[in-house]
Amino acid sequence: MSEKKKQVSRRQFLNYTLTGVGGFMAAGMLAPMVRFAIDPVLQTRERGGFSAVVDVDELTNEPQRFDWQIDQVDAWYESKVTRSAWVYKKEDGTIMALSPICTHLGCVVSWQGNDDYPDQFYCPCHGGRYTKEGVNIPNTPPPAPLALYEQKEEEGTLFLGKAIPREGA
Amino acid sequence: MMQKIYDWIDERVDITPLWRDIADHEVPEHVNPAHHFSAFVYCFGGLTFFVTVIQILSGMFLTMYYVPDIENAWKSVYYLQTEVAHGQIVRGMHHWGASVVIVMLFLHTLRVFFQGAYKKPRELNWMVGVSIFFIMLALGLTGYLLPWDNKAYFATQVTLNIAGDLPYIGDFAKTLLAGDPEIVGAQTLTRFFAIHVFFLPAALFALMGAHFILIRKQGISGPL
Ligand code: HEM
Ligand code: FES
């Protein structure tokens, strides 16, 4: 048995060794670069807090657009950016705060944005439409309802947090 | 004088076979527009290469003024276009060339398709060509963000959302491209710049090299 074991020739041995060493060198070079490049995917970020947006008294049954500012940290660049929401009170008094970002390709929708579709949210980019609850209307481009902001009420003021996407209808 | 220099080098290094191998070959009659005018359709590949050379040269010169920083990118483009001598021309070459190169590539592809030049044994070169087409589209998409104006910003938001729709790896691809899961900002611009100016041109050179080596090995396809 052991005599029949295939001998590794000198040439094969050197080939294997060189390939191995070369492989280690290539991996040693590439590993830091790849980790460097994919860092944004692996970073864990703390979720942003809540911002005061509007007095609850101002809300009606009709969606109104409210803007507020948040501090945004973009790597080495810190800035104030504007967020917007369409906010209204439902008949039962619960508050709906909808993100205006179209779930199709990210344009900005507006309430009654098209005279042909009263009482709907309308996206001018490809004619996407949503009901008052922000649910996408079948046979228009958006694949999912408008995102809903996390919300809390404190001393008559509405605070909004992150916009949470909703599952496709 | 030039001849003397050439001979001096050739005597020592024997460079004649080198360039002969690359440049000295017959142009068959059926691809020569001087013989059959309709053979101009064979020019589109060369024209694509010509415009690509313009893109690479003008792009290299643009980087002398351009900075990939969200505070200054737009200002640097504005400056190079309005204040720098011939800036409008150099930027114009890069700006319009980006569209012309796609048109040429498309016409070249049409010629290859309708002449059936992609058939055996040239299937591999068709695949290389399709890869070049995707690299070109990616160059156009990444370059479009660099002026950092409103159009660039919103077009990129859409581009990133398309990347985000990829099955399974969508979120990963989007964050990898944008540098942040939500923000299109400082990191997006530096990434797009690096991809536009280093990564994609490197891939483009490799593929163009393969494309031309295959053409030399296999020759141009015969007349219809
Ligand atoms: C075939 C190859 C290329 C294509 C199709 C292409 C396409 C584009 C496009 C569409 C833009 C936006 C131009 C504008 O909006 O005016 C752009 C900008 C730019 N490109 Fe390229 N590019 C190519 C190669 C390169 C190379 C090789 C470099 C550098 C080495 C480069 C450097 C730049 C720079 C610095 C800008 C920003 C300046 C500006 O917007 O005018 N490009 N490119
Ligand atoms: S982005 Fe709103 S419909 Fe396409």
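So here's what we get for this one:
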| item | result |
| --- | --- |
| Single unsatisfied condition, residue A:156 versus (1) open to solvent by less than 50 Å² (accessible area, probe 1.4 Å); (2) within 21 Å of residue B:182 (Cβ to Cβ); (3) at pLDDT below 95 | (2) |
| Contacts under 6 angstrom Cβ, first residue in the range A:120-143 being of a type in the set (A, V, I, L, M, F, W, C), partner assigned to a loop (DSSP other than H, G, I, E, B) and more than 16 Å from ligand 1 (Cβ to nearest atom), 6 or more apart | A:121/A:109; A:123/A:102; A:123/A:107; A:123/A:109; A:125/A:107; A:135/A:145; A:135/A:169 |
| Meets criteria (within 13 Å of ligand 2 (Cβ to nearest atom) and either among the hydrophobic types (A, V, I, L, M, F, W, C) or open to solvent by less than 20 Å² (accessible area, probe 1.4 Å) (or both)) for residue A:122 | no |
| Where a residue in the range B:150-177 is within 16 Å of ligand 2 (Cβ to nearest atom) and its partner, wherever it lies, is in a helix (DSSP H, G or I) and of a type in the set (Phe, Trp, Tyr), with Cβ under 9 Å and at least six apart | B:151/B:144; B:155/B:144; B:156/B:144; B:156/B:192; B:159/B:144 |
| Residue match in the range A:87-96 (condition: within 15 Å of ligand 2 (Cβ to nearest atom), among the aliphatic types (A, V, I, L, M) and under 15 Å from residue A:163 (Cα atoms)) | no |
| Helices (runs of 4 or more DSSP H) enclosed by the range B:140-224 - at least 3 residues per element that are facing chain A (nearest Cβ under 10 Å) | B:150-164, B:170-178, B:186-194 |
| Qualifying residue in the range B:49-70 (condition: farther than 22 Å from residue B:200 by Cβ, within 14 Å of chain A (Cβ to nearest Cβ) and more than 8 Å from ligand 1 (Cβ to nearest atom)) | no |
| Filtered residues of the range A:1-51 (kept if closer than 30 Å to residue B:182 by Cβ and among the β-branched types (Val, Ile, Thr)) | A:34, A:38, A:41, A:44 |
| Members of the range B:73-121 that are surrounded by 13 or more Cβ atoms within 10 Å (Cβ to Cβ) and part of a loop (DSSP other than H, G, I, E, B) | B:84, B:115, B:117, B:118 |
| Subset of the range A:87-119 that is open to solvent by less than 70 Å² (accessible area, probe 1.4 Å), of a type outside the set (Ser, Thr, Tyr) and touching a residue at least 60 places away in the same chain (Cβ under 8 Å) - its residue that is farthest from the other protein chains (Cβ to nearest Cβ) | A:95 |
| Residues (within 12 Å of ligand 1 (Cβ to nearest atom) and surrounded by 15 or more Cβ atoms within 10 Å (Cβ to Cβ)) located in the range B:165-198 | B:189, B:192, B:193, B:195, B:196, B:197 |
| Residues of the range B:52-93 that turn out to be among the acidic types (Asp, Glu) and within 15 Å of residue B:192 (Cα to Cα), as a count | 1 |
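The values are calculated or read from the model by the stated rules, or taken from the named source; none is laboratory data. Given the structure is predicted, the values throughout are model-derived calculations rather than measurements. FYI the Cβ positions are ideal-geometry reconstructions off the backbone, even for glycines, and counts take in every protein chain you see. Accessible surface areas use protein heavy atoms only, side chains included; no ligands, DNA or RNA. Shrake-Rupley method; radii C 1.70, N 1.55, O 1.52, S 1.80 Å.
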